[in-house]
Amino acid sequence: MYWGSVSEFLEMGGYGLYVWTSFIITALCMVWEILALWRRRTAAIAESRGITRSIG
Amino acid sequence: MNWSKYSAPLAFYPLAGKMIPWFSIVAALAIAVGLYIGLLVAPTDFQQGEAYRIIFVHVPAAWMSMFLYVVMAVWAAVGLGLNARLSFMMTQAIAPTGAMFTFLALLTGAMWGKPTWGAWWVWDARLTSELILLFQYAGVMLLRTSIDDQRRADRASGVCALVGVVNIPIIYFSVQWWNTLHQGASVSMTAAPKMATIMLTGMLLMTFGFWMYSLAVILSRVRCVILERESLQVWSKPAAAAEVAEVR
Amino acid sequence: MSQPGLWEALRGIIWRDLLLAARRRSDAAISVLFLIIVASLFPLGVGPEPAVLRTIAAGVLWVAALLACLLSLGRVFTADYLDGVLEQMLLIAQPLPVLVAGKVFAHWVVSGLPVVLLSPLLGLQFGLEGEPLGMLVLSLLLGTPTLSMIGSIGAALVLGVRGSGLLVALLVLPLYVPVLIFGAGAVTSSMAGIGGEANLSLLGACLVLSLFFAPWATASALRIALE
C-alpha cells in the first residue's frame, strides 16, 4: 500500500480536486448510462407488449 | 456451429442476453483491480505528482473513444456492403457509448491539463482530434434521428461514419503540422518515456475493464434496439417472446 | 437512339447547371454578399488596428469563405431533388459519380469562384499585400473546390431531411478542418517569410483526394436518399 493515511489518500498531494472530479464524473457517466439503458429496456418491453395486445 | 444464423436480429437477441452478464462481471473485476492498483498501489510520478493518476481513467477513455469509432465504422461498412440489419443496429448501439467516452476523455484531459500544464485546454493535435471526434459522433447520431425512414437513416448514418473515419487521421496530421508552424504555443506533451510496470499494468487493466464494460452496454443497447424495431416479430416467435418476458 | 459519351454527359450537366444558375443570379450574389458582410464584421468586433487585422486576416477570410461555401450547399441538389430531375439522373447509363462531379463543379463555379475572385479586395481591406495576398487567392483557388466536393457529401446525406440546414453544418464542418488549417497556414507562413508552398501542396493533395473519393461517396449518399 502506497498511502500513509486516509486523509493523505483523499488529498492526492494537493491535486485531490482534479483527481477525484475525474474519477467521480467518469463513474457517474457509466452509472447513468446503465440506468438509462435499463429504463429504455423496460419502456421497449412495455411498448412491444402493448402493440401485440392491440393486434391481439 | 453455424454462426451466420446469428446475423438475424432475433437469433442474436438471446445470444447477446447470455453474453451480457459475463462481460459485466469481467468488467467489474478488471475495473476494481485496476482502480486498486491505480489509486492505492502505484507510486507517485516524480514529474507530475499525484495528478498523473487521472490517466488511469483518461487514457482508457480516450482509447475506447477512438476504438469504438473504428468499430462503428466497420459495422457500418459491413451493413452497407452486405445489407445486414443487425450491423446497422450495432452501429446505432455503439455511437452513444463512444460519444460518452469521447466526452470523458476531453473532460479528464482538461482535469489533467490544468495542474500539469497550467491550462484547461491546449490546441494540441490529440486534443483537437478528440474534439472533432465528438462532433462526428454527434453528427452520426443526429443524422440518424433526423431521418424518419429507418432504412435510409441506417444507411445515411453509415456513410457518415465511414467518411468520418477517413477524416480523423487527416485532422491529427494537419493539426500537428499547424502546431509546428505556431511554435509559440506549442507544449511538449510527450508522456513519460518509461512508465513503471505497475502503472502500465493498472492502465491496461482499466482499459480492459472499459472495453468489457462497452461490450456489455453495447450488447444491451442492441437488445433494446431490436425490441424497439422488431417488436412485432419478437412476439410472433414463441421462443423470443418467452425470453423477453422472462427478463423483466 | 445513341447513348451520349461520358464527356458529353459531363459537359451537358455542367452546361445545364450553369444555365440554370445564370437565370437565378441572386443565388450567387447571396454567397458573395454574405462573405463580404462576415469579413467586415470582424474589424468592427476586434478594432481597426492594422497590425491586429493583418494577423487575423488569413484566419478570418478563410473562415468566412468556408461559411459562405457551407451556406450555398443547400442549392447543390435540392432543386433537382424537388422536381424529380435527380431521380432521372440516377437512371442514366453514365456512372453517377461522374455526373455528381459535374454538378459539384458547376456549383463551385457559381459559389466558390466568386469568393476566390473577391478575396484580393477583402485581403486589401485587412492590410494584406504582396506575396501573402497572392497566397490567399491561390490557397482559396485550390481549397474552395475541395470544400464544394466534401460539402456535396453532406448535402446529399441530408437531402429532404427536416432541419437540414443546421445538420449539414454539423456534418460538414469537421471535415473542413484540414482544408482550413492548410489554407490559412499558407497565408500565415508566407507572411512569416517561410513561404506557403508546403501548405499549398497539402491543399492540392486534399483536392486530389476529395476529387477521387467525394463524388463516389456523394453518389452513394444520393442513391440512399432516393431509393
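Only the coordinates and a few stated rules stand behind these numbers; no lab work does. Quick caveat: nothing in here was measured; it's all calculated off a predicted structure. Methodologically, a virtual Cβ is constructed for each residue, glycine included, from the backbone with ideal geometry; neighbour enumeration extends over all protein chains shown.
When Cβ neighbours within 10 Å are restricted to other protein chains, what is their mean count per residue of peptide B:205-216?
1
How would you classify region C:59-177 from its alpha-carbon gyration tensor, with a ≥ b ≥ c the square roots of the eigenvalues: rounded for a/c under 1.5, else prolate if a/b is greater than b/c, otherwise oblate?
Values: a/c = 2.79, a/b = 1.92, b/c = 1.46.
Judged from the Cα gyration tensor, region C:59-177 comes out prolate (a/c at least 1.5, a/b above b/c).
Within straight cross-link reach of C:K103, meaning Cα distance under 18 Å, which aspartates and glutamates are found once same-chain residues fewer than 8 apart are removed?
Correct list for C:K103: C:E8, C:D17, C:D27, C:D80, C:D83, C:E87.
How tilted is helix A:16-55 with respect to the longest principal axis of chain A? Cα atoms for both, answer in degrees (0 to 90, nearest 10).
10
Please report the orientation-averaged projected area of region B:40-159, defined via the convex hull of its C-alpha atoms, in nm².
It is 8.7 nm².
Show which aspartates and glutamates lie in cross-link reach of B:K114 when reach means a straight Cα distance below 15 angstrom and same-chain residues fewer than eight apart are skipped.
B:E50, B:D124
For peptide A:7-17, how many partner chain Cβ atoms fall within 10 Å of a residue's Cβ, on average? Could the numbers behind the result be given before it?
Values: counts 0, 1, 3, 0, 1, 8, 8, 4, 12, 2, 3.
Mean partner-chain Cβ count within 10 Å for A:7-17: 4.
Checking a compactness column here: for region B:20-69, what do you get for Rg(Cα) / (2.2 N^0.38 Å), N being the number of residues?
Ratio of Cα Rg to 2.2 N^0.38 Å: 1.35.
Quick one: dipole size for region C:38-144, taken about the Cα centre, charges +1 on Lys/Arg Cβ and -1 on Asp/Glu Cβ, in debye to the nearest 20. It would help to have the intermediate numbers written out before the result.
Details: 3 positive and 6 negative charges, 8 e Å.
Using Cβ point charges on Lys, Arg, Asp and Glu, region C:38-144 gives about 40 debye.
Please compute the average number of Cβ atoms from other chains found within 10 Å of each residue's Cβ in peptide B:93-106.
Mean partner shielding for this stretch: 2.
Going by a ≥ b ≥ c, the root eigenvalues of the Cα gyration tensor, does chain B fall in the rounded group (a/c under 1.5), the prolate group (a/b larger than b/c) or the oblate group?
It is oblate, given that a/c is not under 1.5 and a/b is not larger than b/c.
Along each of its three principal axes, how wide is the spread of alpha-carbon positions in region B:50-99, in whole angstrom units, largest first?
Sorted largest first, the three principal extents are 50, 14, 10 Å.
How large are Rg and Dmax for the protein assembly as shown when only the alpha carbon atoms are used, in Å?
Values for the protein assembly as shown (Cα only, Rg and Dmax): 26.4, 91 Å.
What helices does chain B have that are whole DSSP H segments, at least 24 Å long along their own axis by Cα, and with mean Kyte-Doolittle hydropathy of -1.0 or more? All intermediate terms of the calculation are to be shown ahead of the outcome.
Details: long enough: B:9-35 (37 Å, 1.59); B:55-82 (39 Å, 1.85); B:85-117 (47 Å, 0.68); B:125-146 (31 Å, 0.87); B:150-181 (46 Å, 0.44); B:197-229 (47 Å, 1.29).
Length and hydropathy pass: B:9-35, B:55-82, B:85-117, B:125-146, B:150-181, B:197-229.
With the cut-off at 21 Å, report for chain C the share of all Cα pairs above it, as a whole percent.
55
For region C:154-198, take the alpha-carbon Rg, divide it by the Kirkwood Rh, and send me Rg/Rh.
When Rh is taken as the Kirkwood radius, the ratio is 1.28.
Per q in 0.12, 0.16, 0.22, 0.25 1/Å, what log10 I(q)/I(0) does a Debye calculation on the alpha-carbon atoms of region C:133-224 return?
Scattering profile of region C:133-224, log10 relative to I(0): -0.41, -0.65, -0.98, -1.14.
Sum up the charges of everything whose Cβ sits under 15 Å from the Cβ of C:A217, counting Lys and Arg as +1 and Asp and Glu as -1, but leave C:A217 out.
Numbers: positive: B:R155, C:K103, C:R223; negative: none.
Combined, the nearby Lys, Arg, Asp and Glu give +3.
Over all alpha-carbon pairs in chain A, figure out the percentage whose distance exceeds 12 Å.
75
Just tell me, in residue order, which DSSP H segments of chain C are both 18 angstrom or longer along the helix axis (alpha-carbon based) and at least -0.5 in mean Kyte-Doolittle hydropathy.
Answer set is C:6-23, C:25-46, C:50-72, C:113-125, C:130-157, C:164-191, C:197-226.
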